[in-house]
Amino acid sequence: GVVAKANSKSTIWYRPDSLKELGAQPPKTWEELLSLTKKYKDAGKTPWAVGAGDGWPLTDWFESIYLYKYGPDKYDKLFAGDLPFTDPSVKGALQEMVKIINGENVPGGIERALGTAFVDSIGQVFGTNPKAELYYEGGFVGGIALGEVNPKLRVGKDIDFFPFPTIDPQHGQPLLGAGDVAVAFENNDDVKKLMEFLASPEAGTTWVSTGAIVSPNKGVELSAYPNPLVRKEAQQVREAETFAFDGSDLLPGALGTEWPTVLQGVIKTPDKIDQLLTEFQDQASAEFGA
């Protein structure tokens, strides 16, 4: 197979003018991010928007926190079924997650967030009438914000991103990401030519010109990217020492669709984390054959 396209999911989106007005800088650590969240609240602003109605953005939140807090080795074990979801580390990451995703920090509270779709939540930060200040999701947010939500956004003034902040310094800044793999099912000359083309800088250059994706091919020049946001994302992917693939996309069977539902339950009833994880692990044990 050939990894034909990729995206970073280690990006936190913000409005630079809003941050400047607050007198703040992009945070470099998790504690600084929590402090920025509080600073926005103290200023009478709603810090975060979350499209929890779709579920999958919550999986990316969890994965980023887990990866940055516990490192890529433990992350890989968890999503390969070699570490149970009842391991204390999972609860530890979820407890960090609800420090941000709670009723005080999102427009209309948790119930409203659970009824808000992904693209609509981008609009809560980058629409013409913003209701929140910060947004976590992958590099594709920029293209959606500029293309669908608010074409009048000015890059560097109304929209930008900073890297997901360090949680445990010993793990540094691994990159959470996802990608699409082209797989050949037949072995003939035409298929080989197509696969070779998809693996080439030429194909990557054509694809990245859309501004929607990043090519994992280092032969694709950064100048091929059509705007500063996707160029910045491409550089982040290119310079990453560790690339951790989206864990929920790797879960077998029904686990991949059930896990977002578990996380919706976590943000709605954080006092039931243990129960939710125990029930999910029962399913995981069956799927992984433990």
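The values are calculated or read from the model by the stated rules, or taken from the named source; none is laboratory data. All values reported here derive from a predicted model rather than from experimental measurement. Every residue, glycine as well, gets a Cβ built from its backbone with ideal geometry; the counts of neighbours run over all protein chains shown.
Criterion first (farther than 14 Å from TRP13 by Cβ, in contact with a helix residue (DSSP H, G or I) (Cβ under 8 Å, 6 or more places away or on another chain), in the same structural domain as ILE65 (by TED's automatic domain parsing) and in a loop (DSSP other than H, G, I, E, B)) does THR128 satisfy it?
No: the conditions fail for THR128.
For region 274-287, does any single residue satisfy the condition of being assigned to a strand (DSSP E or B) and under 20 Å from ASP60 (Cβ atoms)?
No: region 274-287 contains no residue that is assigned to a strand (DSSP E or B) and under 20 Å from ASP60 (Cβ atoms).
Using beta carbons and a limit of 7 Å, which pairs, at least six apart or on different chains, have the first residue in region 242-271 and assigned by TED's automatic domain parsing to the domain that holds ILE100 and without any contact (Cβ under 8 Å) to a residue 12 or more places away in the chain and the second one assigned to a helix (DSSP H, G or I) and among the aliphatic types (A, V, I, L, M)?
Short answer, once both residue conditions are applied: GLY265/LEU276.
Could you name every one of the helices (runs of 4 or more DSSP H) located completely within region 20-81 that has at least 2 residues being touching a strand residue (DSSP E or B) at 6+ places or on another chain (Cβ under 8 Å) and more than 25 Å from GLU241 (Cβ to Cβ)?
Here the list reads 30-42.
Would you check which residues across region 221-237 are in a helix (DSSP H, G or I), surrounded by 15 or more Cβ atoms within 10 Å (Cβ to Cβ) and either at positive phi or without any contact (Cβ under 8 Å) to a residue 60 or more places away in the chain (or both) and list them?
Within region 221-237, ALA224, ARG231, ALA234 meet the criteria.
Looking only at region 41-76, which residues are within 16 Å of GLY138 (Cβ to Cβ) and acidic (Asp, Glu)?
ASP54, ASP60, GLU63, listed by residue number.
When LYS5 is evaluated against the numbered criteria (1) in a helix (DSSP H, G or I); (2) over 15 Å from the mean Cα position of the chain (by Cα); (3) under 28 Å from ARG231 (Cβ atoms), which criterion, by number, is the only one it fails?
(1)
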